[in-house]
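The values are calculated or read from the model by the stated rules, or taken from the named source; none is laboratory data. This one's a predicted model, so the numbers in the text were calculated from it and none came from an experiment. Cβ: placed from backbone, ideal geometry, glycine included. Neighbour counts: every protein chain shown.
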Amino acid sequence: MRDILKNLLDGKITVDEAESQLKLNQFQELGDNIKFDTHRRTRVGVCEAVYSTGKTDEDLVNIINNIDFKDNLIITRLDESRFNRIRNQINENVLESITFYKEASILTINKKEIEKKNLSVGIITAGTADVPVAQEAKITVEQSGYNAITTYDVGVAGIHRLLDKISYLLEKEVDVIIAVAGMEGALPSVVAGLVDVPIIAVPTSTGYGVGEKGFTALFAMLQSCAPGISVVNIDNGYGAAVNAITILNRIGKHKDEHV
């Protein structure tokens with residue numbers, strides 16, 4: 001963008017040419033199905049992510065091998081069997097920058113070193129079954145350079161476990177807490193009544209009967225009597241992480257302005 005504007009000021013291109021180049025500079029098109037956002041971090045502060053569900057293997061390989069991007073990339077909801085199926089089709093030079101996280105079902109492509117930042121996100125789960133969603137949040141947070149401090153299986157069924165771990169997160173001075181829970185979804189409400197940091201609640205599709213698809217947990221979190229809880233969609237660890245990253249980006253910006 002800077003080069004285009006400089007060329008415009010120097011009279012090397014016309015206003016119409018600059019407009020056309022800026023439009024082209026916003027995304028890269030691969031065939032009819034793929035329009036890749038190459039400037040997402042510049043606009044919204046988070047690198048581009050590709051939701052693999054619903055895309056064909058050919059689409060994924062096309063994106064991984066042919067997108068010309070200088071930033072890092074996340075591919076979510078990519079299970080191990082599918083990754084193994086497409087792995088041999090990925091260019092060798094790209095494979096060098098790939099990391100696959102089995103538990104989180106995430107693949108990352110890091111074209112540049114991640115800049116480490118001092119702010120932190122605490123991530124807790126009610127049960128072990130909620131960990132994959134929490135891991136999705138963790139990897140996403142870390143891809144933006146922030147620290148992710150985790151403590152799992154601390155739900156209200158054994159609330160004595162939670163109190164000690166809340167103290168641990170506060171000692172680590174986390175700036176946001178992501179609370180992941182299925183069943184009746186009580187964990188975020190309890191945490192929100194104990195701490196003075198933003199709480200992002202993630203309902204999961206863990207549970208029996210009426211709770212098995214996550215709606216009971218979702219409704220409980222939305223109806224919480226503890227005020228100030230943000231709630232994302234069922235099983236959406238990625239969305240919770242982006243919410244946290246947006247908060248931390250603003251905190252970091254204001255800290256920099258006051259240095």
Glu29 part of a helix (DSSP H, G or I), at pLDDT below 80, more than 26 Å from Ala244 (Cβ to Cβ) and among the acidic types (Asp, Glu):
no
Only one of these is over 24 Å from Val197 (Cβ atoms), at pLDDT 90 or above and exposed (fewer than 15 other Cβ atoms within 10 Å of the Cβ): Glu96, Glu103, Glu113, Glu92. Name it.
Glu103
Of the criteria (1) charged (D, E, K, R); (2) at pLDDT 70 or above; (3) within 21 Å of Ala137 (Cα to Cα); (4) in a helix (DSSP H, G or I), which one Glu58 fails:
(3)
Evaluate the following for Ile34: is it more than 24 Å from Gly145 (Cα to Cα) and modelled with pLDDT under 60?
yes
Just one listed residue, out of Thr76, Thr125, is buried (at least 18 other Cβ atoms within 10 Å of the Cβ), in the same structural domain as Cys225 (by TED's automatic domain parsing) and among the hydroxyl-bearing types (Ser, Thr, Tyr), and it is Thr125
Lys117 vs. criteria over 25 Å from Val46 (Cα atoms) and among the basic types (Lys, Arg)
no
Output the residue which, of all residues in region 223-234 that are hydrophobic (A, V, I, L, M, F, W, C) and at pLDDT below 95, is surrounded by the fewest Cβ atoms within 10 Å (Cβ to Cβ).
Cys225
Answer yes if at least one residue in region 144-155 is modelled with pLDDT under 90, more than 30 Å from Met221 (Cβ to Cβ) and among the small types (Gly, Ala, Ser), and no otherwise.
no
